[in-house]
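A short worksheet on the structure shown next.
The values are calculated or read from the model by the stated rules, or taken from the named source; none is laboratory data. Predicted, not measured: the structure shown is a model, and the values here were computed from it. Heads up, the Cβs are rebuilt from the backbone with ideal geometry, glycines too, and the neighbour counts pull from every protein chain shown. The accessibility values were calculated without ligands, DNA or RNA, using every heavy atom of the protein model including side chains. Shrake-Rupley method; radii C 1.70, N 1.55, O 1.52, S 1.80 Å.
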Amino acid sequence: MAGMTVPVPLPEADEVDLTPPSAELVELIGRGVATATAPPGGLVPLQRMLLKAVSKEMTGHQVDPEGLAPLGPEGLAEALRRRNLEFRTRITHLLILCELVLTPLPDEVCRRVGECAAALGVHDGMIQVSRDYAAGSRGLAAVDFDRNGYTADWSEEQSAALHTSRPLDMPWDFDAADSALAARWASLEQLAPNSLGRQVLDFYRARGFIVPGLPGSAPPYLAQHDWVHVLGDYGTTVEAEIEVFGLIARAIPDPRGFSLLAMVISLFETGVMERGAGLFQADAHHLSRAGVAERLADAMRRGAQCGRDLMAVDYFDMAGMEVDAARNELGIVAKSADAIDAGSVGPWEPGGISPFQLSAGRALAEQEGREYDSLGATPPV
């Protein structure tokens, strides 16, 4: 049982191995993850795609899990004996990611993932969430998300970067009657066309999005991720939302940031979470579409290289900067060629806007008495 697993001790400070993982170690990790997360019929295609894509983008060594010899929790933990808690936690997140894409989620997979985490000495709240899913307890899973996720310690001070007139009690609270906040967003129109702030406002208008502070707008905290759409050069289809949150979740130094990626997987792949982030609704089977696993893996690579909490940035302080300068300031590197080849597009490219958003953008332009301009964004073919 998971509770009886004896963890491999963490190394002393002078014993920690901080070098990039070798091809041999990456293969051992792949064996351990594949062994733990395979359902009775073997790894499903999406799990294989994720393991191949994530290993390649995050380490430079691609692992093909097909035909790999099994490796149990003790073997995985022994392979990581000289790795610190942060490294072990990231491997635990890979285990959880590969189990969360299964629906239904078998109890035995949850048990094996729990045993791996215990052997590594890692305690992560998303392990309990996955157990809730396996038990069919969606309501309890939602509670455990709130209890163990990244926003569990939300305080009113954390809403300062959002510039709301009053502190938000909860991160995903709506604030649809805040004239000062709406005016701050409207002022972005005065900035240069190539500035971050102006491009975010254009991003909103092209899609018919209502700026925070006005009725019908998204939660101000969720609006933080809209700046990352522009900074990360991601469109606004569901597949692009997976990329954005993959980048954000991996960039947050606090390991609980992984819960944001767990949330979008539960919304946009399995659909076991009905609602999330105050606005999103379940829309399943998007991660398993062609190329999206590769796109997510690249977003995770970019997040790892960024290494800062992009949901806590005061973007209005950066609004006047050119977009490329803002990317450099935040450490957001370019997409890989593989991600682009796999279909990753920016907000102003063909495929970078949904049909509904295009229609909403046209309606908003008509309502405001201006000519509609999608700035090059068109829906996917």
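Here are the numbers for the structure shown:
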quantity: Condition broken by residue 151, with the remaining ones in (1) under 30 Å from residue 103 (Cα atoms); (2) touching a Leu at 6+ places or on another chain (Cβ under 7 Å) satisfied; calculated: (2)
quantity: Residue within the range 70-87 that is in a helix (DSSP H, G or I), open to solvent by less than 20 Å² (accessible area, probe 1.4 Å) and either farther than 19 Å from residue 117 by Cβ or not acidic (Asp, Glu) (or both) present; calculated: yes
quantity: The range 67-111: number of residues that are small (Gly, Ala, Ser) and either within 25 Å of the chain's Cα centre (by Cα) or more than 17 Å from residue 10 (Cβ to Cβ) (or both); calculated: 4
quantity: Filter result (surrounded by fewer than 21 Cβ atoms within 10 Å (Cβ to Cβ) and touching a Lys or Arg at 6+ places or on another chain (Cβ under 9 Å)) within the range 59-69; calculated: 62, 64, 66, 68, 69
quantity: Considering residues of the range 1-56 that are more than 25 Å from the chain's Cα centre (by Cα) and closer than 20 Å to residue 103 by Cβ only, the residue surrounded by the most Cβ atoms within 10 Å (Cβ to Cβ); calculated: 42
quantity: Search result, residues across the range 266-279 that are farther than 18 Å from residue 137 by Cα and modelled with pLDDT under 95; calculated: 277, 278, 279
quantity: Helices (runs of 4 or more DSSP H) enclosed by the range 294-369 - at least 3 residues per element that are over 30 Å from residue 254 (Cα atoms); calculated: 355-367
quantity: Some residue of the range 69-81 being more than 20 Å from residue 123 (Cβ to Cβ) and basic (Lys, Arg); calculated: no
